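Data block below; observations after.
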Amino acid sequence: MIIRLISSFLFILPAAGVCGAKEWYVGQDGTADNAGTQEQPWDIASALDGKQEVSAGDTILLLGGTYRRRPKELFEVRLTGTGDKPIEVRPAPGGRVRIDGGLSIQSPSAYVRIRDLEIFVSEPQPPEPFSAGSHPEDLQRPWGGVHMYGGKNCKYINLVIHNCNQGISCWKGEIDPEIYGCIIYDNGWLGTDRGHGHCVYTQNDEGIKRISNCIMSCKYDGTYTMHAYGSSRAYVNNFIVEDCVFYDKGPFLIGGGRPSEGIGVFGNYLYNVDMSIGYSAGYNADCEIRDNIIANGTLNIVRYRKAVEQNNLIVKRGQQRPEKAKTVLLPNRFDVNRAHLVIYNWAKTESIEVPAGAFLSNGEAFRLMDPKRLFEKPVFEGECREHRISAPLEDEFAVFVVLKGF
């Protein structure tokens, strides 16, 4: 059994609080003229939009509950931290925070960390299919999702984004973001032509867009998990995609009509998902594609002048499977109590033992969660024994979120 384990203690960040920093509270029934305390919280719109006196290094704590507004469902974010004093937006301890709608990141946002929020649209999907095209007039449901237009050096951490028309949009004006640990699934809609709405739709030129440790799955044929794409007038440059899981539906694409450069795709895990690097451009400059596993899919690198392709395992449909199972445990860099577990169960056994490495100690309790049901009952609960954890299996592939404790 081959295990790839990132030691979580190497990545633990210092506490959000710094000398002189303040904690501000936001509540469902808060108002802009409140004091921003737990007893008198602000409203979410004024707190995120920079209309309150939030300084670099401060933390905005959202009290548990669902935050919703209509018809303009996206809460705009305009917060400015610094490299050594980022602003953090997260749930208050012990609370589950749901954004019924989404977020729109606007300039001059900088050095903001938005984390641990659930983002969805509650309106049910009307009868499908809708008219063809990317903006059908008969699709009246709110768009939802997280849309990044003008942030600099912002991080989007451990978000759960589902049942929106699109998961994440990350455009050219968003400079040097990191999308980390996010779970994105069941977004989009079905048109008469095909499925629409991707997990991540993105373009880039300046700086690097980094997408790490995420789990993505699509609902409809025709939608993409990773869709870094544009016409001959758009830029698709400087992407790093690493330690992510793409499964069930939704091909992976980085490429467009304009030549791409600076593409790195490292240590990702795909199942029933094809990976394409390059699209219709006559040539592309450079890419490095290594240490990825693609099962029931293909890898296609198109017209690159310099392409490094190393240590990728491609197991096509109907091809003979490897003899030994492959398990990968990926601790979360921002949460020492969380990891992602990927299993290629080539022999289709009913369970497997996974080395726990430094993530769990002997006797420590854990839960295995279905990424699409993160807030429901665990798939399995147990204790780490002999430095291993058990995982029940039903098929050739599985991905879990591993949480410490019961």
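With respect to LEU360, determine if the residue is in a loop (DSSP other than H, G, I, E, B), among the aliphatic types (A, V, I, L, M), at pLDDT 95 or above and surrounded by 14 or more Cβ atoms within 10 Å (Cβ to Cβ). When the stated conditions are applied, LEU360 passes them. Would you confirm whether or not the range 333-353 contains a residue that is touching a Phe, Trp or Tyr at 6+ places or on another chain (Cβ under 6 Å), more than 17 Å from TYR271 (Cα to Cα) and not aliphatic (A, V, I, L, M)? Checking the range 333-353: at least one residue is touching a Phe, Trp or Tyr at 6+ places or on another chain (Cβ under 6 Å), more than 17 Å from TYR271 (Cα to Cα) and not aliphatic (A, V, I, L, M).
Beta carbons closer than 8 Å, at least 6 apart along the sequence or on distinct chains, pair a first residue in the range 82-100 that is among the polar types (S, T, N, Q) with a second that is not in a strand (DSSP E or B) for THR82/ALA56; THR82/GLY57; THR82/TYR111.
With the requirement that a residue be outside any loop (DSSP other than H, G, I, E, B) and touching a Ser or Thr at 6+ places or on another chain (Cβ under 9 Å), what does the range 369-391 give you? Lay out the reasoning, then the answer.
Narrowing the range 369-391 to residues outside any loop (DSSP other than H, G, I, E, B): 369, 371-373, 380-383, 385, 388-391.
Matches in the range 369-391: PRO371, LYS372, PHE380, GLY382, SER390, ALA391.
Of all residues in the range 189-202, those that are over 11 Å from PHE130 (Cβ atoms) have Cβ atoms under 6 Å from Cβ atoms of residues that are among the aromatic types (Phe, Trp, Tyr) and part of a loop (DSSP other than H, G, I, E, B), 6 or more apart or on another chain, in HIS198/TYR224. Of the residues contained in the range 28-38, none is found to be touching a residue at least 24 places away in the same chain (Cβ under 8 Å) and among the charged types (D, E, K, R). When the range 284-308 is filtered for residues that are more than 23 Å from the chain's Cα centre (by Cα), surrounded by 15 or more Cβ atoms within 10 Å (Cβ to Cβ) and part of a strand (DSSP E or B), the ones remaining, listed by number, are ASN284, ALA285, ILE301, TYR304, ALA307. Restricted to strands (runs of 3 or more DSSP E) entirely inside the range 110-216, those with at least 1 residues that are of a type in the set (Asp, Glu) and touching a strand residue (DSSP E or B) at 6+ places or on another chain (Cβ under 6 Å) are 118-120, 178-180.
Only residues that are in contact with a Ser or Thr (Cβ under 7 Å, 6 or more places away or on another chain), acidic (Asp, Glu) and closer than 21 Å to GLY181 by Cα were counted across the range 75-132, and they come to 2. Looking only at residues of the range 21-70 that are surrounded by fewer than 20 Cβ atoms within 10 Å (Cβ to Cβ) and acidic (Asp, Glu), we find that the one that is farthest from SER107 (Cα to Cα) is GLU39.
The values are calculated or read from the model by the stated rules, or taken from the named source; none is laboratory data. Predicted model, so just to flag it, every value in this text is computed and none were measured. Please note: Cβ atoms are built from the backbone with ideal geometry, for glycine as well, and neighbour counts cover all protein chains shown.
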